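Below: one structure, written as structure tokens.
The values are calculated or read from the model by the stated rules, or taken from the named source; none is laboratory data. Since the structure is predicted, the reported quantities are computational estimates derived from the model, not experimental observations. With ideal geometry, Cβ positions are generated from the backbone for all residues, glycine too; neighbour counts draw on all protein chains shown. In case anyone asks, the SASA skips ligands and DNA or RNA and just uses the protein heavy atoms, side chains included. Shrake-Rupley method; radii C 1.70, N 1.55, O 1.52, S 1.80 Å.
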Amino acid sequence: MEFWFIILISISIAALLKAFISVIISPKYKTNLPPGPFNLPVIGNLQWLLKSFSEIEPILRNLHSKLGPVVTLFIGPRPAIFIADRSLAHKALVQNGAIFADRPRPLPTNKIVSSNQHNISSASYGTTWRLFRRNLSAEILHPSRVKSYKHARKWVLEILLNRLKSESKNGDRPVPVRVLDHFQYAMFCLLVLMCFGDKLDESQIKKIENVQRTQLLTFGNFNILNFWPRLSKIVFVKKWEQFLQIRRDQENVLVPLIRARKKMKEEESLSIKEREYVLSYVDTLLDLQLPEEKRKLSEEEIVSLCSEFLNAGTDTTSTALQWIMANLVKHPHVQETVYTEIRGVVGENEEVKEEELQKMPYLKAVILEGLRRHPPGHFVLPHAVTEDFVLDDKYVIPKDGSVNFMVAEMGWDPKVWEDPMGFKPERFLNDHDQDFDITGSREIKMMPFGAGRRICPGFGLAMLHLEYFVANLVWNFEWTAVDGDEVDLTEKQEFTVVMKNPLQALLSPRTR
Ligand code: HEM
């Protein structure tokens, strides 16, 4: 006992000294970093590390109003720079895109979920990242491939509508439906099919949803393990074990699906034509070859890439869908305008077909307004610069720090958006903005998908999913508020920023 106590104290002192030296004494951080609040060495760093993004966001807002558009916090052992200004974001991400396209060195927990940076979002800016990103964009997210998953979207729409129909009534009495679980399940059905190629049954999809959501929602609880990992491995043995168990559970569910797909490919049990028809993300990953290491991907690496695909495409989209439907309940005149627009295009047809969506500018404006007012992520994923860089001749961005951007603040900038906290889709309809540039390549007015080289590669698919499901949800039901129950737009940080009180609405089937 005594022996362990001495070891523990020695390690703590060594670690404290190391952190103190690296953060305070080291001259490299004295080189004009952007301003920030006073930081109590070590304790301050730890305090920031333990805060969630939703706790940091209001503090940052306050700091920006006092210190200017770029501020520094010492989160954990490295400086973290936050940029709130949209034109500085454009200068960084677009005009100096290659320099700002890196990711910070991964923290230990991140190394495990990404199989040592073998996924798109955490890979350093370089060959491996390019290979993974090009594979996803060319093989799965290319418009012609996206079209080939049309039958999957129709299948999922039917599942969603049937679930909502059966929940919206008790006998003949209309009852409020809590829609979020149904939206999440629908998005999982869709992304699981794109990922593994087969229509899995409900229990299999639920199992995948369960392991993925557990990992996503608990990830922040394990932040403490990243502070001096050598020490944390001794002090927080149980927490480490819990964390590793979540990863093992995920592998236990995903690996059999990967193996089944591999076997099918090897046996050539499908004709080439059929295989082309159901080409899945896993199929493309099984074929990939890492150029530098000259080898195929391991199962663990494929699990990490599939997990990233599922998380990136489900939670973000179902969160956005919920915010948009909440606003359509809160603003019935907007819902009515969407309905009238759809009727003008589809006549009396049962379904809004995806080819018809491009004839619906007001619907698109509703989706854009939803993403501006309620971006699912209030920050992008942390970026890093490939070399020390001076932004706008003033702000030193060090190579070994991280850089992030205040996405929500930019979309709410009153200099760009009149009445920024209102929900007014019409603002996207004036002539000037008819073709609104969501990528921010010309100018950043909002950036729900990020901007520059690390922009979300799934933004086209996400827009399609949102337009298709919102259109069909409005076409099939009239959505109204529950009597005496105002739609509450208070936010809560989970993996994305969700509704603190999830939407409940009355759904009356439309009669035509
Ligand atoms: C409404 C839905 C979505 C939103 C709001 C969203 C937003 C974002 C944001 C903000 C980033 C970080 C950009 C940065 O670091 O600068 C990102 C990255 C990413 N997203 Fe999305 N996303 C959505 C849907 C999707 C979908 C459907 C997919 C694919 C199926 C996807 C795949 C990815 C990937 C792979 C990355 C990492 C990109 C990289 O590091 O190069 N996302 N997304």
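Listed values, structure above:
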{"read-out": "Too-long pairs where the Cα-Cα distance tops 32 Å, listed order kept, from LYS111/LYS492; LYS424/LYS492; LYS154/LYS415; LYS206/LYS445", "value": "LYS154/LYS415; LYS206/LYS445"}
{"read-out": "With DNA, RNA and ligands ignored, accessible area of GLU293 (1.4 Å probe; Å², nearest 10)", "value": "90 Å²"}
{"read-out": "Residue order for PHE436, PHE219, PHE38, PHE469 - accessible surface, 1.4 angstrom probe, largest first", "value": "PHE38, PHE219, PHE436, PHE469"}
{"read-out": "With all protein chains modelled, accessible area of MET446 [1.4 Å, Å²]", "value": "0 Å²"}
{"read-out": "Gyration tensor over alpha-carbon atoms, the chain, equivalent ellipsoid semi-axes in Å", "value": "39, 29, 23"}
{"read-out": "At least 20 Å along the helix axis (C-alpha) and Kyte average at least -1.0, DSSP helices within the chain", "value": "2-20, 150-167, 180-196, 202-218, 299-330, 332-346, 459-476"}
{"read-out": "Carbon/sulfur fraction of accessible area - the range 1-509, other protein chains in place, 1.4 Å, %", "value": "56 percent"}
{"read-out": "Two-decimal ratio, the range 118-256, of alpha-carbon radius of gyration to 2.2 N^0.38 Å", "value": "1.37"}
{"read-out": "Protein-only accessible surface order, largest first, of PHE188, PHE495, PHE389 at 1.4 Å", "value": "PHE495, PHE389, PHE188"}
{"read-out": "Computed FRET value (nearest 0.05) for ARG163 with GLN47, which takes r as the C-beta separation and R₀ as 45 Å", "value": "0.55"}
{"read-out": "Per residue solvent-accessible surface (Å²) - the chain, probe of 1.4 Å", "value": "47 Å²"}
{"read-out": "Dipole of the chain, positive end: most advanced residue of ASN39, ILE140, LEU279 [Cβ charges, Cα centre]", "value": "ASN39"}
{"read-out": "FRET efficiency estimate (nearest 0.05) - Cβ-Cβ, ASP388 to ASN501, R0 45 angstrom", "value": "0.50"}
{"read-out": "Over the chain, relative contact order from alpha-carbon pairs under 8 Å, at least 6 apart, %", "value": "22 percent"}
{"read-out": "Efficiency of FRET from Cβ geometry, GLU251 and LYS207, R₀ 22 Å, rounded to 0.05", "value": "0.95"}
{"read-out": "LYS239 versus ASN32: modelled label distance in nm, points set 7 Å from Cα along the beta carbon direction", "value": "3.9 nm"}
